Amino acid sequence: GAVVSQHPSRVICKSGTSVKIECRSLDFQATTMFWYRQFPKQSLMLMATSNEGSKATYEQGVEKDKFLINHASLTLSTLTVTSAHPEDSSFYICSASLTGNSGYTFGSGTRLTVV
Amino acid sequence: AQRVTQPEKLLSVFKGAPVELKCNYSYSGSPELFWYVQYSRQRLQLLLRHISRESIKGFTADLNKGETSFHLKKPFAQEEDSAMYYCALREDNFNKFYFGSGTKLNVKP
């Protein structure tokens, strides 16, 4: 089955630094990947749609300069949280789907803590 | 605008009892509806989708366009069904998923 690998699973960084999170489709090609954010005891909030070879599409209210998305290949999308602040601490999850398959596979998520 | 609503944050039932997790949606087009499940310490995984009309692990869900609902049902709950359940909607044109706030199902022995 389709597998999405997300790395790292946990990261702690200092305020003001940047953190990169990787999302890889291991056994399939994904032209589109999605990035979500999940606050404690809340649902997943779609942040942006990552499109291979083109700019990401951000949801309303999500700062594109703060959450940089790069989808340079059909198997890799990265989310970089720039100049991180404690309020950026959250659980970030990526997802992708097989072409023609309406179901989506999710990564295991990244717990970001900014201190 | 809230596209997917799950009114119950927590649902507790006894083993063997019927269970229904409610999901209502708001969308003017032709959405696809899904149920995802997240077991403790595991990633989100697809449980079922309305276009497949399938039954997975005894769960079924019927899309009711008149009531804009996609409730998840199981006639006899099992302890291993305890998990977080998320209803999700995919817009027809934009390929985006929107999730409800989730319902935690607790099946007691």
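Each value in this text was obtained by applying a stated rule to the coordinates, not by laboratory testing. Bear in mind that the values here come from a model prediction, so they are computed numbers and not experimental data. Every residue, glycine among them, receives a Cβ derived from its backbone with ideal geometry; neighbour counts consider all protein chains shown.
Descriptive notes on the structure:
- For region B:34-79, chymotrypsin sites (Phe, Trp or Tyr not before Pro) are listed when DSSP marks them as loop and at most 15 other Cβ atoms sit within 10 Å of their Cβ; the list is B:Tyr39, B:Phe76.
- As a calculated quantity, the FRET efficiency between B:Arg41 and A:Val3 at R0 = 25 Å, using C-beta atoms, amounts to about 0.90.
- Compared with the rule-of-thumb size 2.2 N^0.38 Å for a compact globular protein, the protein assembly as shown has a Cα radius of gyration ratio of 1.03.
- Violating pairs (Cα-Cα greater than 22 angstrom) within the set B:Lys74/B:Lys96; B:Lys57/B:Lys96; B:Lys73/B:Lys96; B:Lys22/B:Lys74; A:Lys41/A:Lys66; A:Lys55/B:Lys96: B:Lys74/B:Lys96; B:Lys57/B:Lys96; B:Lys73/B:Lys96; A:Lys41/A:Lys66
- Mean separation of Cα contacts under 8 Å, 6 or more apart, over the residue count of chain B: relative contact order %: 39 percent
- Cα-only radius of gyration and Dmax that characterise region B:18-97, units Å: 12.7, 38
- Summary value for chain A: 37 percent relative contact order, contacts being C-alpha pairs under 8 angstrom separated by 6+ residues.
- Using the Cα coordinates of region A:26-115, the gyration tensor eigenvalues translate into equivalent-ellipsoid semi-axes of 22, 15, 11 Å, sorted from longest to shortest.
- Within chain B: Cβ-based charge dipole about Cα centre, in debye rounded to nearest 20 (Lys, Arg +1; Asp, Glu -1): 240 debye
- Spin-label pair A:His85-B:Ser52: with each label point 7 Å from Cα along the Cα-Cβ axis, the two points sit 4.2 nm from one another.
- Summing Cβ point charges (Lys, Arg +1; Asp, Glu -1) relative to the Cα centre of chain A gives a dipole of roughly 240 debye.
- Point-charge dipole on Cβ atoms (K/R +1, D/E -1) for the protein assembly as shown, about Cα centre, debye to 20: 440 debye
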